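The structure under discussion appears below in the form of structure tokens.
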Amino acid sequence: FEQMEEKGRKCSLCGVRNVIIYKKTEADDKDGKQVRAKKLFSEIAMVIDKDDKKVPLRFLQPGEGLCAPCFCKRCAEKHFSKALGPEAEAVFPSIAEVALRKAIIKLERIPAYREYREIFGGEYDPQLLYAENLTERFFEKNGLDVGKLELAKSKLKSLVEETKVRLPKYYAVIKIDGDDMGKWLSGEKAPSYEEVFHPRVWEALDEDFKKRLKGRKRVLTPAMHSAISSALKDYSQVLVPRLATSKHDGFLVYAGGDDALILVNLEDLLDLMVELRAAFSGHIRGDLGMVDFFGEASGFVEMEDGYLVTMGPEASASMGVCVSHYKTPLSMVLEAAREAEDKAKSLQDKDAFCISVMKRSGERLETSWKWFYECDATISGGGGTAVLLKELVGVLKGENSRQGAGFSDRFVYKLKETFSRFDKKSGMGALDAMVALEIRRLLDRSFVGDERGREGLKKEMVGIWTSKLKHLYIFAGGLDNFVSLLETAAFLAREP
């Protein structure tokens, strides 16, 4: 056969398909008709001028080439706004808006913020809240009036000084998936007859009859399939949207059955993680506020407008989370979230979560944990490992404690430095004892607050957190995973 020659530049987004539409740069304009030949575009590709208003810069940047599917995705908001009407939230936010969501809510009440937005009119983008983007290059790339640059710099500086609002640059992607759904649907995880019967009815049954039924799984019926279907529908169509977008300021990408993908700011991240997992198995109250993994779960959640079916207390779900800078390519962040979910599902018996932190510097943290362990009921108040992580973030920020006392995050890095040369497999009695002693010593030295008249408070807090961190270390599966959790807490505490 004859070798086929592949022609055409690859799409800037997917990198798989050939470019079908390309916007010229200033340099391309100077070359005139040479663009198609120099850029290796196929004959069917559309090459448009840099200043073509029919394709705005938010859809296609100069020098960027897209294939047909990726260009359709870029322009999807035009279709949805037409199909669903102006009331529909057809325009998905920029990643900067996800990271800044809490700050924007506060700023919207301030006249100075509205004045700042008016500088840009309809071209305003939340990225313009970051001083690093107020440059000629950014303005030219996004089609903004460079003449307004100095005014924007002055207004933004005054706004930040007046409001003292912190502007976070990191956000999180949450990917959750139910565990062993195939086994649930095949009947392998169906309850036994003993569990199905009411206790009084079971006691009244003939002993020989009970012996024949004991340990046998209930026969899978259409009614059970229907119940599972109802539970997954209520979870994806009601509980997930209410938690992600109504209770917390997240952005729901999709929710279908046992699977969901959500973008959320860091302030809401840990609460949303716990509540999504608890809602799957019904370990949450109707107000969607109280979570208790160790309390009784009936399989239903009572809401104001009726009851919702859940998968029940025996069901579990695993989650992958990626925390990243708003300028990191979204494709990389989504891939990291999928990898984190796979690592959570690789833990024995699953029912776990994995958090991956991609720092702007290139450093990456990763820590994997079960949602809860034995004795968690007393240590975390029934909320499990993620709640302990949230409490640790709070105490590192000087919150969640009396009189604003807390701990400096230096104890995390001192602990890491101390044991960097050790064989870090937990279960080694001598190492475990050394870690426990070092935790107490470093917490004592990193206590933050005026110690005059607070010696009792310091002693109490050191004792409480020595106990909690020892508890986490026992189940960490190794010092590396334990330290990664502490570093993740320190990172989340530093970020607003």
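The values are calculated or read from the model by the stated rules, or taken from the named source; none is laboratory data. This one's a predicted model, so the numbers in the text were calculated from it and none came from an experiment. No Cβ is skipped: glycine too gets one built from the backbone with ideal geometry, and neighbour counts run over all protein chains shown. Calculation scope for accessible area: heavy atoms of the full protein, side chains included, ligands and nucleic acids excluded. Shrake-Rupley method; radii C 1.70, N 1.55, O 1.52, S 1.80 Å.
Return the pairs, sorted by first residue and then second, in which the second residue is polar (S, T, N, Q) and modelled with pLDDT of 85 or more, the first residue lies in region 289-307 and is closer than 18 Å to V240 by Cβ, the beta carbons are less than 9 Å apart, and the residues are 6+ apart or on different chains.
From residues that are closer than 18 Å to V240 by Cβ, the pairs are A297/S281; A297/T310; G299/S281; G299/T310; F300/T310; V301/T310.
What do you reckon, is D49 of a type outside the set (A, V, I, L, M), closer than 22 Å to R137 by Cα, out of contact with any Phe, Trp or Tyr (no Cβ under 7 Å at 6 or more places or on another chain) and at pLDDT 85 or above?
yes
Return the residues of region 133-183 that are closer than 30 Å to V274 by Cβ and loosely packed, with under 14 Cβ neighbours inside 10 Å; say none if nothing qualifies. So that I can check it myself, show each step before the final result.
Residues of region 133-183 that are closer than 30 Å to V274 by Cβ, as a first pass: 164-183.
Within region 133-183, K164, R166, G182, K183 meet the criteria.
Can you name every residue in region 296-323 that is part of a loop (DSSP other than H, G, I, E, B), of a type outside the set (D, E) and either at pLDDT below 90 or surrounded by 19 or more Cβ atoms within 10 Å (Cβ to Cβ) (or both)? Steps first, answer last, please.
Keep residues of region 296-323 that are part of a loop (DSSP other than H, G, I, E, B), which gives 296-299, 304-305, 310-316.
Still in the running and of a type outside the set (D, E): 297-299, 310-313, 315-316.
Matches in region 296-323: A297, S298, G299, T310, M311, G312, P313, A315.
So which residues in region 1-60 are free of Cβ contacts under 8 Å to residues at least 24 places away in the same chain, in a loop (DSSP other than H, G, I, E, B) and over 35 Å from the mean Cα position of the chain (by Cα), if there are any at all?
Listed by number, the residues that qualify are F1, E2, Q3, M4, E5, E6, E43, D51, K53, K54.
Restricting the first residue to region 252-266 and requiring it to be on the phi < 0 side of the Ramachandran plot and part of a strand (DSSP E or B), which pairs with a second residue that is acidic (D, E) and open to solvent by 30 Å² or more (accessible area, probe 1.4 Å) meet a Cβ separation below 9 Å and a spacing of at least six or different chains?
From residues that are on the phi < 0 side of the Ramachandran plot and part of a strand (DSSP E or B), the pairs are D259/D177; A260/D177; V264/D249; N265/D249.
Give the residues of region 449-461 that are open to solvent by 70 Å² or more (accessible area, probe 1.4 Å) and either at pLDDT 85 or above or not charged (D, E, K, R) (or both), sorted by residue number.
If the condition is that a residue be open to solvent by 70 Å² or more (accessible area, probe 1.4 Å) and either at pLDDT 85 or above or not charged (D, E, K, R) (or both), then G453, K459, E460 are the ones that fit.
I want to confirm something. Restricting to region 324-360 and keeping residues that are of a type in the set (D, E) and within 20 Å of F280 (Cα to Cα), which single residue is surrounded by the most Cβ atoms within 10 Å (Cβ to Cβ)?
E341
With (1) farther than 26 Å from R137 by Cβ; (2) modelled with pLDDT of 80 or more; (3) surrounded by 15 or more Cβ atoms within 10 Å (Cβ to Cβ); (4) not acidic (D, E) as the list, and G8 as the residue in question, which single condition is left unmet?
Every condition holds for G8 apart from (2).
Taking only region 462-471 into account, find how many residues are open to solvent by less than 10 Å² (accessible area, probe 1.4 Å) and of a type in the set (A, V, I, L, M).
Residues in region 462-471 being open to solvent by less than 10 Å² (accessible area, probe 1.4 Å) and of a type in the set (A, V, I, L, M): 2 in total.
I'm trying to understand the selection: among the residues of region 170-209, which are modelled with pLDDT of 80 or more, among the small types (G, A, S) and out of contact with any helix residue (DSSP H, G or I) (no Cβ under 9 Å at 6 or more places or on another chain)?
Correct list: G182, A204.
Taking the criterion of being within 24 Å of G289 (Cβ to Cβ) and either in contact with a Cys (Cβ under 7 Å, 6 or more places away or on another chain) or at pLDDT 90 or above (or both), would at least one residue in region 373-384 satisfy it?
Within region 373-384 (the criterion being within 24 Å of G289 (Cβ to Cβ) and either in contact with a Cys (Cβ under 7 Å, 6 or more places away or on another chain) or at pLDDT 90 or above (or both)), the answer is no, since none of the residues qualifies.
If V201 passes every condition in (1) surrounded by fewer than 17 Cβ atoms within 10 Å (Cβ to Cβ); (2) within 25 Å of M181 (Cβ to Cβ); (3) among the β-branched types (V, I, T) but one, which one does it miss?
(2) is the only condition that V201 fails.
Which of the residues spanning region 215-249 are open to solvent by less than 80 Å² (accessible area, probe 1.4 Å) and outside any helix (DSSP H, G or I)?
G215, L220, T221, H248, D249
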